[in-house]
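Visitor: Below is one structure. I have some questions about it.
The values are calculated or read from the model by the stated rules, or taken from the named source; none is laboratory data. In this text the structure is predicted, and so the values were computed from the model without any measurement. All Cβ positions, even for glycine, are placed from backbone atoms using ideal geometry, and neighbour counts span all protein chains on display.
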Amino acid sequence: MRAHPGLFITFEGGDGSGKTTQSRLLSGWLADLGRTVLGAREPGGTELGAELREIVLHRRGYIAPRAEALLYAADRAHHITTVVRPALARGEVVIQDRYLDSSVAYQGAGRVLDPAEIRALSLWAAEGLLPDLTVLLDLDETHGRARLDAARDRYDRLEAEESEFHARVRRAYLELAAAEPKRFLVLDAGRPVDELQAAVRERVRMLDAVSGPHA
């Protein structure tokens, strides 16, 4: 039994894994079923978050790893309080590009901080809110980098990291999924877009919030 009437779905994965495409397709499908859908992202889902996003993703120069983790947590605390929880209380479906698992993978494993500490910080910032479903789009970091190189239009601090950084991130994601198999749906992001979306929709159908004759 969920603690809120809405449905909270997050998409996770390395850079270039296709999170944005899959979340948009899912949002359109649910809207066609008559659901009220809120698309969200971290960082940058609020006016304050947009300012923090510029710092953590696009500012050139060194940012201490702990400072970076705290900036992400600040964005999360404000975003969850002002956007996500109110939407869930209204019974809406919130589909979000990245959440606390990104912090554990990127700031924890990627920056070689303690993943357990980063998770605890994230949960504190979000007042314990976990997604009802987390879709992990798993992609080898080499393929993800190739996709990004073809599409990049501005500097991104995390995308610019070396391959070993992204390899650590991928391993951390898979470990998170293995630890919480009921929450995670792990998909090979190299599969065709329509196949991935079909698998996502099948899992979402299993959640009672979208059950019914049109689901």
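Visitor: Kindly check whether there is at least one residue in segment 95-107 that is at pLDDT below 95 and surrounded by fewer than 19 Cβ atoms within 10 Å (Cβ to Cβ).
Guide: no
Visitor: State whether the residues of segment 17-25 include one that is assigned to a loop (DSSP other than H, G, I, E, B) and buried (at least 18 other Cβ atoms within 10 Å of the Cβ). Walk me through how you get there before you give the answer.
Guide: At the first step, the residues of segment 17-25 found to be assigned to a loop (DSSP other than H, G, I, E, B) are 17-18.
Subsequent filtering for residues that are buried (at least 18 other Cβ atoms within 10 Å of the Cβ) retains 17-18.
Checked against the condition, which is being assigned to a loop (DSSP other than H, G, I, E, B) and buried (at least 18 other Cβ atoms within 10 Å of the Cβ), segment 17-25 yields at least one hit.
Visitor: I'm trying to understand the selection: among the residues of segment 26-49, which are in contact with a helix residue (DSSP H, G or I) (Cβ under 8 Å, 6 or more places away or on another chain) and in a helix (DSSP H, G or I)?
Guide: Just the residues of segment 26-49 that are in contact with a helix residue (DSSP H, G or I) (Cβ under 8 Å, 6 or more places away or on another chain), to begin with: 26, 29-30, 33, 35, 37-40, 42-46, 48-49.
Selection gives Leu26, Trp29, Leu30, Leu48, Gly49.
Visitor: Take the residues of segment 45-62 that are surrounded by 15 or more Cβ atoms within 10 Å (Cβ to Cβ) and at pLDDT 85 or above: which is nearest to Glu161 (Cα to Cα)?
Guide: From segment 45-62, those surrounded by 15 or more Cβ atoms within 10 Å (Cβ to Cβ) are 45-46, 48-49, 52-53, 55-57; that's our starting set.
Cutting the leftovers down to at pLDDT 85 or above gives us 45-46, 48, 52, 55.
Details: Gly45: 24, Thr46: 26, Leu48: 25, Leu52: 19, Ile55: 16 Å.
That would be Ile55.
Visitor: OK, next. Go through the residues of segment 184-203 one by one and say whether even a single one is of a type outside the set (A, V, I, L, M, F, W, C), modelled with pLDDT under 95, in a helix (DSSP H, G or I) and surrounded by 13 or more Cβ atoms within 10 Å (Cβ to Cβ).
Guide: The answer is no; no qualifying residue exists.
Visitor: Glu42 versus (1) in contact with a Lys or Arg (Cβ under 6 Å, 6 or more places away or on another chain); (2) surrounded by fewer than 12 Cβ atoms within 10 Å (Cβ to Cβ): which is the lone unmet condition?
Guide: (2) is the only condition that Glu42 fails.
Visitor: If we scan segment 108-120, do we find a residue that is at pLDDT below 95, assigned to a loop (DSSP other than H, G, I, E, B) and within 16 Å of the chain's Cα centre (by Cα)?
Guide: The answer is no; no qualifying residue exists.
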